[in-house]
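The values are calculated or read from the model by the stated rules, or taken from the named source; none is laboratory data. Quantities reported herein were computed from a predicted structural model and do not represent experimental measurements. All Cβ positions, glycine included, derive from the backbone under ideal geometry; neighbour counts span all protein chains shown. What goes into the accessible areas is simple: the full protein's heavy atoms, side chains included, and nothing from ligands, DNA or RNA. Shrake-Rupley method; radii C 1.70, N 1.55, O 1.52, S 1.80 Å.
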Amino acid sequence: MTYFIRPATNEDLAGIAKVNVDSWRTTYKGIVKQDYLDKLTYSSREASWKRNIESEQNLILVAVNEEEQIVGFISGSKTQEGEYPTYDADLTAIYLFEHEQGKGIGKAMLKQLFAEFKKLNYKSSIVKVLEDNSSCRFYEAMGAKFIDSNPIQIGGEQLAILTYGWQEI
């Protein structure tokens, strides 16, 4: 099957929300409390992604299959002021349906996002990922280096969020 990557629009909100919620439920099962995952809704994620798409600071790309169905998305922006001063950009989200993982789509989305970052004169990027998320290996395989670990509260539970970085994208 062929996939292509393009900028997200408001017409993509339902597809992005579905990938977001479904991916959280598969990726974070056993990591995040199940009742938190069960309470995720498409409508709340759709509203959140609407704000993200409409913000000029965000870059959001979708991966679409031949049937025009969204199978994944990636987003990024400038790093938060003072957070990681030696890094320009922040890969804020990358999600794929579980059955679409391992096909090179994530790698293609990441390369496209980095190409978009370069157009904005960003030269480096961070990504934050929950410690027990297997995607840590994906980031490492894509050349990211571990920077640090910080606590984060999700669903009333304290977890560790790791920050990785690419000094050069």
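Data table
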quantity	calculated
Relative contact order [Cα under 8 Å, 6+ residues apart], the range 92-169, whole percent	33
Karplus (6.51, -1.76, 1.60) ³J(HN,Hα), θ = phi - 60°, over the range 50-60, in Hz, Gly and Pro reported as x	4, 4, 5, 5, 6, 7, 5, 6, 9, 10, 10
Residue 6-residue 39 pseudo-label distance in nm [points 7 Å out on the Cα-to-Cβ vector]	3.7
Restricting the range 48-90 to GluC sites (Glu not before Pro) in coil, as DSSP defines it, with at most 16 other Cβ within 10 Å	56, 66, 67, 68, 81, 83
Per residue accessible area in Å² of the chain, where ligands, DNA and RNA are left out and the probe is 1.4 Å	55
For the chain, the spread of Cα positions along each principal axis, largest first, Å	38, 37, 30
Protein accessible area in the chain, 1.4 Å probe - carbon and sulfur %	48
Selected from 133, 95, 113, residue furthest toward positive end of dipole (the range 88-141; charges at beta carbon)	113
